[in-house]
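First comes the structure, then the notes that go with it.
The values are calculated or read from the model by the stated rules, or taken from the named source; none is laboratory data. No experiment lies behind these values; they were computed from the predicted model shown. Because the Cβ atoms are built from the backbone with ideal geometry, glycine has one as well, and the counts that use them run over all protein chains shown.
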Amino acid sequence: MDKIYLDNSATTPLGAEVLNAMMPVLSGVYGNPASIHSFGREASNLLDEARDTIAKTINAHSNEIYFTSSGSEANSWAIVGIANANHNKGNHIITSKIEHPSVLEACKYLERNGFEVTYLDVDENGFIRFADLLRAIKQGTIMISVMFANNELGTIQNIKAIAQTAHEKGIIFHTDAVQIYGNMDIDVEDLGIDALTISAHKIYGPKGVGALYVSNKIKIEPLIFGGNQERGKRGGTTNLAGVVGFAKACEIAKRDMRTNNHKLRLLSEYFISKLTGAVENIKFNAHTKQKLPHIISVNFVGVDGESLLTKLDMNGIAVSTGSACTSNSLTVSHVMTAIGLNNDDARSTIRFSLGKNNSYEELDKAITIIVKSVEELRAFSSTYGSKTRKKKEAK
């Protein structure tokens, strides 16, 4: 059975060019970058080159890039590290209700340790309201963290305007750019971003490596202790092969961005058009334009999302019901409830996320299987529901 992968927002396959860049490091560069001998210097040079490469893709200085184990670590570090380093200026943080769990859980941690957090509502498309943001800002607000593009909806926030609002009030601005990095040009200076999170495995790079950009103007405390790596800000031996692969993936993403975006937009339009014509009673979440083209959130009304996901998986199609970091949880997606969906509709939602390796032929096959699966589940639900109602009436 041919498998069709439509869960690229969870992770992407490792690119061939990226693997080729990593192999010499995995097999031959085994020195510790923190060591001062020749083996260590060889590793350290590769680390510096990777840092330079990634910094250039967002118009940052090389010494403003810190490597982490993941986007989740980078988000947690940004929230907790910046809050603790700037606690003398205040204890209030603003974020949104549709952030990645790594941001929301870090904020909850801070709340348990004396900070106050405001969680902004969003509209039906996942956008924060600027009136709400302005009302939330107060004397002790030290940081605003709003994700660039949502991982379940694809909604792209007006980051430049949010950052400008923050800076007018002397507030630090952080954004989780994990989903959008590699899909649009990001200039941290032009956008006014003080701290930004990215991750390798969302752009056809290796898993287990992320990065946090922190402006040299911003104070941040370490989250991981035990060494002088990352200029004394993050202890732990660097995942050198992962970092080299990350840099190569960033380089390729920047190089191929226009081509990939064009392909993804056409694939997305094709998929939405075909699905709309083939499946009755479905609703698409998020704005039609101001969103990442490859993320498609669909509410299959009256169909249990977990059951549909299982059926599709049994037929070789990989999709998601939400964030990969919460996919093992039976709770309703906090993003879907935040945009106003009731529990039934939230549970009926599937996220399709296309990638540069997908084809029209794959989408045609997937739609055929989706149609059959939805029809079967709706028929079962109708029959089972009818029998249940009759039993209740008989009692």
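Residues considered: I218, I162, I198. Of these, the only one that is in contact (Cβ under 8 Å) with a residue 60 or more places away in the chain and not in a strand (DSSP E or B) is I218.
Tally up the residues in the stretch 1-19 that are at pLDDT 95 or above, exposed (fewer than 13 other Cβ atoms within 10 Å of the Cβ) and closer than 30 Å to T321 by Cβ, please.
Initial filter on the stretch 1-19 (at pLDDT 95 or above): 3-19.
Of the ones still in play, those that are also exposed (fewer than 13 other Cβ atoms within 10 Å of the Cβ) are 3, 16.
Now narrow it down to the ones that are closer than 30 Å to T321 by Cβ: 3.
Residues in the stretch 1-19 being at pLDDT 95 or above, exposed (fewer than 13 other Cβ atoms within 10 Å of the Cβ) and closer than 30 Å to T321 by Cβ: 1 in total.
For the stretch 20-35, state whether one or more residues are touching a helix residue (DSSP H, G or I) at 6+ places or on another chain (Cβ under 9 Å), under 30 Å from G154 (Cβ atoms), in contact (Cβ under 8 Å) with a residue 24 or more places away in the chain and surrounded by 15 or more Cβ atoms within 10 Å (Cβ to Cβ). Yes - at least one qualifying residue is present in the stretch 20-35. Scanning the stretch 11-56 for residues that are closer than 23 Å to N357 by Cα and in a helix (DSSP H, G or I) yields A16, E17, V18, L19, N20, A21, M22, M23.
For the stretch 242-288, filtering for residues that are small (G, A, S) and under 14 Å from G15 (Cα atoms) leaves 5. Set side by side, the residues I54, I94, I82 differ, and just one is farther than 30 Å from G205 by Cα and crowded, with 21+ Cβ neighbours inside 10 Å, which is I94. Scanning the stretch 272-320 for residues that are touching an Asp or Glu at 6+ places or on another chain (Cβ under 7 Å), part of a strand (DSSP E or B) and in contact (Cβ under 8 Å) with a residue 60 or more places away in the chain yields a total of 3.
In the stretch 242-271, which residues are more than 24 Å from K289 (Cβ to Cβ) and surrounded by fewer than 18 Cβ atoms within 10 Å (Cβ to Cβ)? Explain how you work it out, then say what you get.
Step one: of the stretch 242-271, the residues more than 24 Å from K289 (Cβ to Cβ) are 242-252, 255.
Selection gives R255 alone.
Residues considered: A78, A50, A34. Of these, the only one that is within 19 Å of the chain's Cα centre (by Cα), hydrophobic (A, V, I, L, M, F, W, C) and in the same structural domain as S102 (by TED's automatic domain parsing) is A78.
Being closer than 29 Å to D7 by Cβ and under 19 Å from the mean Cα position of the chain (by Cα) holds for only one residue in A241, A200, and it is A200.
Counting residues in the stretch 201-215 that are out of contact with any strand residue (DSSP E or B) (no Cβ under 9 Å at 6 or more places or on another chain) and outside any loop (DSSP other than H, G, I, E, B) gives zero. Candidates T237, T259: the one that is more than 16 Å from L354 (Cα to Cα) and of a type in the set (S, T, Y) is T237.
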